[in-house]
Amino acid sequence: MPWEDILTVGTLVVLEGLLSADNALVLAILVKHLPGEQRKKALRYGIVGALVFRLFCILVATWLIHAWYFKAAGAAYLIYISLS
């Protein structure tokens, strides 16, 4: 694996960790006023919802990357920009 790829993956891992910590902090602030049992339930739903949403976004991004017509549309747009 080339060093550039390792650096890219490392950067993505660090960014994901920072965003996860930020999301956890915001979620904790949002549920701090709730009673104990509701707080646990809200945190559980929030964490599961965040994981499901991330998985969904990864699947959509993977589909978009492999869809040739999006690449063709992007290429056509870049050609249009370069000619105008």
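The values are calculated or read from the model by the stated rules, or taken from the named source; none is laboratory data. Because the structure is predicted, anything quoted here is derived from the model rather than measured. Virtual Cβ from ideal backbone geometry, glycine too; neighbours counted across all protein chains shown.
Filtered by the rule that a residue be over 20 Å from LEU55 (Cβ atoms), at pLDDT below 90 and among the acidic types (Asp, Glu), segment 1-45 gives GLU4, ASP5. Just so you know, in segment 41-77 the residues that are small (Gly, Ala, Ser) and in contact (Cβ under 8 Å) with a residue 12 or more places away in the chain include one that is farthest from ILE29 (Cα to Cα), and it is ALA50.
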